[in-house]
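For reference, the structure is listed below as structure tokens.
Every number here is computed from the coordinates shown, using simple stated rules; none is lab data. In this text the structure is predicted, and so the values were computed from the model without any measurement. Backbone-built Cβ (ideal geometry, glycine too); neighbour counts: all protein chains shown.
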Amino acid sequence: MRTTALARISVGVTVERRKARSAWADFLWRPVSVFTGSPSAAPWTPLGMEAETTLFYAGQAAIELHRTETSSYRDNLVSGAPALWIVLRPTASELPYELVAVTADPAEGEGFTDAGNSLVEQVPMPPDIAEMVGHFVAQHHIDRPFVKRRRDGPTLPDRKERTEQ
């Protein structure tokens, strides 16, 4: 797949499986963290177990950074709680989910929640990733003023003309 990204950050994702207290589901899944790099472990390798919770390495993804999205990245970084959005899609195979994407763009993260049954969770952005995204923004951001577009369309009669009819 071709991409227009100017930079990519390789990350690994950890997911938590918790025993559900429900008649409709056995387990609840949620992404819990992202880290830089790519471990040698295979996707869906259990990392640890505690009571009714198991932590898994879900797999590797790449955060793609585009120069046209720098204002979104910047807003995310200055929000006080920079975040990443992780997208998991249910599978029909033995693996519970497929890791679809990890993004630093809040609008893109929200866009993944629009349709389908994907699991989309926001997790804290690690400081090393925040630093890389910050460098990208500093290097590529250009302030563009908002320009309201004037619409060309049928002209309406003046208010006076409309009331006289």
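Structure notes:
- Estimated from helices alone, the mean residue ellipticity of the chain at 222 nm is -5500 deg cm²/dmol (sum of -39500 (n - 2.57) over DSSP H runs with n ≥ 4, per residue).
- Sorting 47-59, 16-28 by average packing, meaning the other beta carbons within 10 Å per residue, from highest down gives 47-59, 16-28.
- Between Val78, Val13, Val120, the GNM of the chain built on Cα springs shorter than 10 angstrom shows Val78 fluctuating the most.
- Cα gyration tensor, region 1-85 - rounded (a/c under 1.5), prolate or oblate: prolate
- Calculated FRET efficiency for the pair Val147/Thr54, C-beta based, R₀ 35 Å, to 0.05: 0.10
- For Glu98, the residues whose modelled amide H falls within less than 5 Å of its own, excluding neighbours fewer than 5 places apart on the same chain, are Arg89, Thr91.
- Length gained on full extension, Arg67 to Thr91: 5.4 nm, using 0.36 nm per residue less the C-alpha separation.
- Under 5 Å, built H, 5+ apart or other chain: amide partners of Met125: Ala83, Leu84
- Charged-residue dipole, Cβ positions (Lys, Arg, Asp, Glu), the chain about Cα centre, Debye nearest 20: 480
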